[in-house]
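Here's the structure, in structure tokens; my notes come after.
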């Protein structure tokens, strides 16, 4: 069931009576509303992980941080609490973690992490759709008002990007990145992930920028659940790049 939990926050809850396994708090990307992640939220909630999608930090970083902090504080303290970011949300989550502004987070999941604050050259809506996703269902959803066209090609704050940041992140990190991402090419983020003390980078075959919502969304969700279960079990997080078909 989808519930509204305050200003610009969407929540998908675990099915009753299955016990909660952990909490995910998702920061959307440029131009995205929390509703973009309906399919993602429902899928992870079915595995008993509660999912919250908050304000996009590219719209209002202070509000996004306030919501994330409140949700981390209110989450079950004995279950994993994971901050997920997509696109600009990934850059913002990484910046917060590196500067010790996510003290209650157990881990990060970063999808389509931008390599730099400078955006790709502006394109028309048809080209933006191709850059975001090849999934027909998701293309239809974001064409119906869940995304503001053109926002994907806007610059991000430079203070979200510092060369020393990756080494300052102390929690485990799962990176998910499209092998054919035209917005943030995979080669541009490999060095970043290699500098994170505990990171597992998964490249998604043939995927563009929005790997959480593309054709391989089931494979991506399975990779996330495997990461979450390893986190719950206290298993080591690999520091390597893997490829998912």
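The values are calculated or read from the model by the stated rules, or taken from the named source; none is laboratory data. All figures in this text were calculated on a predicted structure; none of them were measured in a lab. Neighbour counts are summed over all protein chains in view; Cβ atoms, including those assigned to glycine, are modelled from backbone coordinates with ideal geometry.
Number of residues in the stretch 60-111 that are under 16 Å from residue 22 (Cα atoms), in contact with a strand residue (DSSP E or B) (Cβ under 7 Å, 6 or more places away or on another chain) and assigned to a helix (DSSP H, G or I) equals 3.
For the criterion of being surrounded by 23 or more Cβ atoms within 10 Å (Cβ to Cβ), touching a helix residue (DSSP H, G or I) at 6+ places or on another chain (Cβ under 8 Å) and within 21 Å of residue 58 (Cα to Cα), residue 209 passes. Is there a residue being surrounded by 14 or more Cβ atoms within 10 Å (Cβ to Cβ) and within 15 Å of residue 94 (Cβ to Cβ) anywhere in the stretch 128-137? Looking for residues that are surrounded by 14 or more Cβ atoms within 10 Å (Cβ to Cβ) and within 15 Å of residue 94 (Cβ to Cβ), one finds none in the stretch 128-137, hence no.
Remark: residue 152 matches the filter, which requires a residue to be closer than 17 Å to residue 86 by Cβ, in contact with a helix residue (DSSP H, G or I) (Cβ under 9 Å, 6 or more places away or on another chain) and touching a residue at least 60 places away in the same chain (Cβ under 8 Å).
With a requirement of 1 or more residues that are closer than 20 Å to residue 30 by Cα, touching a strand residue (DSSP E or B) at 6+ places or on another chain (Cβ under 9 Å) and modelled with pLDDT of 95 or more, the strands (runs of 3 or more DSSP E) lying completely within the stretch 133-245 that satisfy it span 173-178. Is the stretch 114-130 home to any residue that is touching a residue at least 12 places away in the same chain (Cβ under 8 Å), outside any helix (DSSP H, G or I), under 15 Å from the mean Cα position of the chain (by Cα) and within 24 Å of residue 222 (Cβ to Cβ)? The answer is no, given that none of the residues of the stretch 114-130 is touching a residue at least 12 places away in the same chain (Cβ under 8 Å), outside any helix (DSSP H, G or I), under 15 Å from the mean Cα position of the chain (by Cα) and within 24 Å of residue 222 (Cβ to Cβ). Residues that are closer than 19 Å to residue 227 by Cβ and in a loop (DSSP other than H, G, I, E, B) within the stretch 18-49 comprise 20, 21, 47, 48, listed in sequence order.
Among the numbered criteria (1) part of a strand (DSSP E or B); (2) free of Cβ contacts under 8 Å to residues at least 40 places away in the same chain, which single criterion is violated by residue 52? Exception for residue 52: condition (2). Whether a residue is more than 18 Å from the chain's Cα centre (by Cα) and surrounded by fewer than 20 Cβ atoms within 10 Å (Cβ to Cβ) was assessed, and residue 100 passes this test. As a summary of the residue check, residue 66 satisfies the conditions (1) under 27 Å from residue 161 (Cα atoms); (2) surrounded by fewer than 22 Cβ atoms within 10 Å (Cβ to Cβ); (3) touching a residue at least 40 places away in the same chain (Cβ under 8 Å) except for the one numbered (3).
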